1. Along the Cα→Cβ direction, 7 angstrom out, place labels at R147 and R316. What is the inter-label distance in nm?
2. Once you have the Cα-Cα distance between D86 and A234, take 0.36 nm times their residue separation minus that, and quote the gain in nm to one decimal.
3. If the convex hull of the alpha-carbon atoms of the range 35-238 is projected onto planes in all directions, what is the mean projected area in square nanometres?
4. Expected output is a single nm value to one decimal: the length gained when fully extending between D96 and R279, i.e. 0.36 nm times separation in residues minus the C-alpha distance. What is it?
5. Give the residue list of GluC sites (Glu not before Pro) in the range 206-300 that are DSSP loop and have at most 16 other beta-carbon atoms within 10 angstrom.
6. Per residue of the range 71-76, in order, report the coupling 6.51 cos²θ - 1.76 cosθ + 1.60 (Karplus, θ = phi - 60°) as ³J(HN,Hα) in whole Hz, putting x for Gly and Pro.
7. Rounded if a/c is under 1.5, else prolate if a/b is larger than b/c, else oblate: which is the range 236-313, with a ≥ b ≥ c the root eigenvalues of its Cα gyration tensor?
8. By DSSP, what percent of the beta bridges with both residues in the chain are antiparallel, rounded to the nearest 5?
Amino acid sequence: MTTPRSLRSAILSTALHDLAIGGTPPEARHVFTPPGHRRALRPNVALVVGTRGAGKTFWSSALRDPNVRKLLGHVANVGLEGVDVDVGHAERPDPDRYPDDERLATFGQDTDPSTVWRAVVVRWYERILGTATTDASWLDSIEQVARDPEAYARLADRANAHLHDTGRHALLVFDALDRIGHDWRTRAASTKGLLQVVLQLRSYERLHAKVFLREDALDRTETTAFPDASKLLAERAELEWSSLDLHGLLWQYLLNAEEPHGSCLRRHFTSVVEREPERPGRELWTLPNSVRSHEPSLKALFESLAGPWMGANHRRGATFPWIVTHLADANGRTAPRPFLRAIGVAAERTDERTPEHERTLHVEAIKAGVQAASRGRVDELLEDHAWAADPMRTLEGLNVPCTFDDVVARWHDRLGLHPPDTIVAALPPNEANLGWAGVREALERIGVFERLRDGRVNLPDLYRVGLSIGRKGGVRPVVRR
């Protein structure tokens, strides 16, 4: 089944162009809850871990939106009824609720970071009790908590009792902790202090906290070096996306595309899977439960747009898993943002280059979409890990798999016999003390390098293509100009 030519770019390109990066605050029509994410949204799960683009900020924003919480209760049954959600840290500054990132880092150097976070929690308690004021400075609030820890405990008891009397629960959400400070030591100390406070909140029936944390923050022992941290780690939820989840998310966007394309896509959906999308709201459609995790249905939907093969036959691979596989990091994880971006670019490229093509997505356009997604992912990675820019970019033109000696030769020639001080300062001691071998371990930790069984270095297409690194038979790397 093919889609009418006049709708191709509108169906995919228009629907995905501005949405591939993920919108915050989220719109209810774009909320898709993979089965594995439902546990992460429950109030009693305190620690939620995910890689860049896995949905941490999306879900933290969704939890704070009353309309989205109501929808989640309907489509995901995550137990958010009677829960009041507030924010303890986020990307957007909110000086009444928490200090800005620079002050958080500075306060954490002058006093125990857990005391700083207790001051944030105190203001949450006061909002619960209706006694909050904005007169006190953050420095005064922190000093007050440090001077009188008993008053802090009594306030927690009062807030918990108030919620019990009113039949409510309260949830405080923390996100974007990687923005605090400029080095790993400051961030690790701040995160450790927050997790200590969150652990203490577990003793209260009605008070809950949820921390959305990037997974590499937990790879450092400094973050969880306190008693009973194992309780948080054992119960953590991880934001992972299977191939079925990603294809389900794609159709959640497409079913809710702007008119007139949304109506055409919903008719197309129904004709392929022989089921109509569900309609939990007046202007909202969702995938039926019988489709959202049903591989034959999702496979048929994608093949109706792209055909079955990445070439003339099966030898080039099947289209349904191809994008997901080629956008996975070295740990085998594919995030929604590059997946949606690749498909959006593929739709645009098909429209521009092969307007006569019988399918919505041309095979060569899909490959171009992966190239664009790889470029974007490299940019995101270097935003998070600026120290990795020089070690990664000096490998341009290399072919993988290759020996680590080949990699080190590049680094020695262009960066020196030992890692520059800027790189050493950005790594935890167990990696920084190993020289270039420690840099390799760090790149493996963040999913850029893969260590093969024979010891050679490999890079997944997600990073290899955008870094202009070659591989025989792989997706063509981006040509740098």
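1. Each label point lies 7 Å from its Cα, and together they span 7.3 nm.
2. Contour length minus Cα-Cα distance gives 50.8 nm.
3. On the way: hull surface 43.3 nm².
Mean projected area for the range 35-238: 10.8 nm², to one decimal.
4. Extra length available between D96 and R279 comes to 62.0 nm.
5. Here the sparse-neighbourhood loop sites are E235, E258, E274, E283.
6. Per-residue couplings from phi come out as 5, 4, x, 7, 9, 10 Hz.
7. oblate
8. If I count the DSSP bridges inside the chain, around 25 percent turn out antiparallel.
Coordinate-derived values only; no laboratory data. Just so it is clear, the structure is predicted and the values come from calculations on it, not from any experiment. When we count neighbours, we look across all protein chains shown, and the Cβ atoms used for this are built from the backbone with ideal geometry, even at glycine.
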